[in-house]
Structure formats: C-alpha cells, structure tokens
1. Starting from residues that are assigned by TED's automatic domain parsing to the domain that holds Val153 and of a type in the set (Asp, Glu), keep the ones in the stretch 194-245 and report whichever is surrounded by the fewest Cβ atoms within 10 Å (Cβ to Cβ).
2. Which one of Leu210, Leu197 is touching a residue at least 24 places away in the same chain (Cβ under 8 Å), aliphatic (A, V, I, L, M) and outside any strand (DSSP E or B)?
3. Quick one: how many residues across the stretch 26-43 are under 19 Å from the mean Cα position of the chain (by Cα) and free of Cβ contacts under 8 Å to residues at least 60 places away in the same chain?
4. Going by the structure shown, is Ile140 more than 30 Å from Arg33 (Cα to Cα) and surrounded by 16 or more Cβ atoms within 10 Å (Cβ to Cβ)?
5. Suppose we filter the stretch 83-114 for residues that are in contact with a helix residue (DSSP H, G or I) (Cβ under 9 Å, 6 or more places away or on another chain), closer than 25 Å to Ser243 by Cβ and without any contact (Cβ under 8 Å) to a residue 40 or more places away in the chain; how many remain?
6. Among the residues in the stretch 35-43, are any under 20 Å from Arg119 (Cβ atoms), modelled with pLDDT under 85 and touching a strand residue (DSSP E or B) at 6+ places or on another chain (Cβ under 6 Å)?
7. Exactly one condition in (1) surrounded by fewer than 11 Cβ atoms within 10 Å (Cβ to Cβ); (2) over 25 Å from the mean Cα position of the chain (by Cα); (3) in contact (Cβ under 8 Å) with a residue 12 or more places away in the chain is not met by Gly160; state its number.
8. Here is a list: Val135, Val153, Val117, Val172. Which entry is closer than 30 Å to Pro244 by Cβ, among the β-branched types (Val, Ile, Thr) and either loosely packed, with under 14 Cβ neighbours inside 10 Å or in contact (Cβ under 8 Å) with a residue 60 or more places away in the chain (or both)?
Amino acid sequence: MLPLMVTRPPAGRSRALRHGVARAISKRGLGSRTQAARWVHEGRVRVNGKVVHDAEFPVRPDLDRVEIDEQECLTAPRRVLMLNKPRGLVTTRQDERGRDTVYRCLADATLPWLAPVGRLDKASEGLLLFSNDPVWAARISDPRTGLPKTYHVQIDCLPGRALLAAIRRGVVVDGEPLSADSVRLLRSGARNAWLELVLHEGRNRQIRRLLAAFEVSVLRLVRVAVGPLSLGELPKGQWRMLSPKEMASL
C-alpha cells in the first residue's frame, strides 16, 4: 500500500478522540471497516510499532501511528466516481442472495476502494456516486446537510393538476411523512407520463411509496442529478471519475 498525504487537524482541536483501529483505517479512505478488520485479524496492522489483533483496539487518530504491512496508514486523497446504474443491480458490494451488484460495472477497472454514496434500489437506475471518503459521503447523503436529488419518473397514468398538487403536499404512510420538494410534469403520452421529482431526503423507496399512496404505479425511475451534478450523456452501465471542480461543487 503506497503512503499518501495525511491531513492534520486544525490547531487546538481536542486530541482525546479515540476510534477502534478498523474504523480509523476506514475513515482514512483505504478500505471498508470490514476489510480493515480483516487486515487486523490477519496481523497486518501495527499501532505505534506493535501488531494488534483486535479491530476495536483504541487509537488516537491524530497521535498514534497506524501501519498496514509496515507502511504508515495515511489519509488517501478523496476520489469520487459517478456511475449510470442500470436496472436490476443492487447497491451493495456483496449480496447475500447472490444477485448482481453495482460493482459488476466496475469489475474491469483498476480502482481504489470505493463505496456507494447512498443507494438506488434494484429497480431504479441513473446517477449513483461512489467515494473513498466516508465522512464526505455521509454529509452528501444527510438530508440536513446534503444536496437535492432529481429524478425522472415514468408513471402509469396521466396526472392532472390536483394529483400533482397532492403529491407535492405529501402523505403519511404507516406513520411516516412522505413528500417531494417539487413535482412537475415533463411530458405525456397516450397512457402514461413522465414526472420530475426533487427530494432532499432519501427514505427507503420514498418515491414509489409516495406515488403508491395515490394509486400511481412507477414504470421507470431514473436519478438524473445530485445537486449541480448531472448524469448528462454518460451511457448506461458506464462510469467516470469526477474532476476536482465537480467534487468542489458538491
């Protein structure tokens, strides 16, 4: 593992903070916590020169020297990848039911460790981000600090103004409020239409459940943008790395 530049905390920040060593490695963008725990159990990790075998061994990220295979574990530079996710893939690295995952689209590439930023369900498609920075990813995904997500949704009916207004107001389903920041009609056909919905939150299957409350079925659901970042002309199943300018915009 190549040594990378480390980011030091601002002067005056408390140095009492401790993390389990596997978590500390993951937060530096070098692998998932599960991968880091495996490295610890294999005896590949040292803290202040001593091999540790407990993934929860406490370390002070700002003070203790952590090594993997005798090389200092330094914070990796942030990498962000965008994928045009096809339908039929689940957003996880390994699926307990043996289903194809989004990592199938990345299988032929030599990439650093990257984890999905949020999720798209199996039947949904479109813009899915990956990053090696879990702190940044959590901020992007958090509805309190994150970015609006824009979806184009094909539905099985022709909506009138009353239905669009009702969707915009939202509804409570099983005690959970579901709504969209905005809803507008994109185009209509003979029997179905396309809507554009913008959300800040990312509740489980939120759009499908919201529309189902009004007896509207989703035929296709495509995420087309995250904040200012648009899916653009990226072909389905293809990916590209974000530029520094694009990462800064997020």
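1. Among those residues, the one meeting the criterion is Glu215.
2. Matching residue, one of Leu210, Leu197: Leu210.
3. So the answer is 3.
4. Taking the combined requirement at face value, the residue does not satisfy it.
5. Within the stretch 83-114, residues that are in contact with a helix residue (DSSP H, G or I) (Cβ under 9 Å, 6 or more places away or on another chain), closer than 25 Å to Ser243 by Cβ and without any contact (Cβ under 8 Å) to a residue 40 or more places away in the chain number 2.
6. For the stretch 35-43, residues under 20 Å from Arg119 (Cβ atoms), modelled with pLDDT under 85 and touching a strand residue (DSSP E or B) at 6+ places or on another chain (Cβ under 6 Å): absent.
7. (3) is the only condition that Gly160 fails.
8. Val135
The values are calculated or read from the model by the stated rules, or taken from the named source; none is laboratory data. The structure presented is a predicted model; accordingly, all values stated were derived computationally and were not measured. For neighbour counting, all protein chains shown are included, and Cβ atoms are generated from backbone atoms with ideal geometry for every residue, glycine included.
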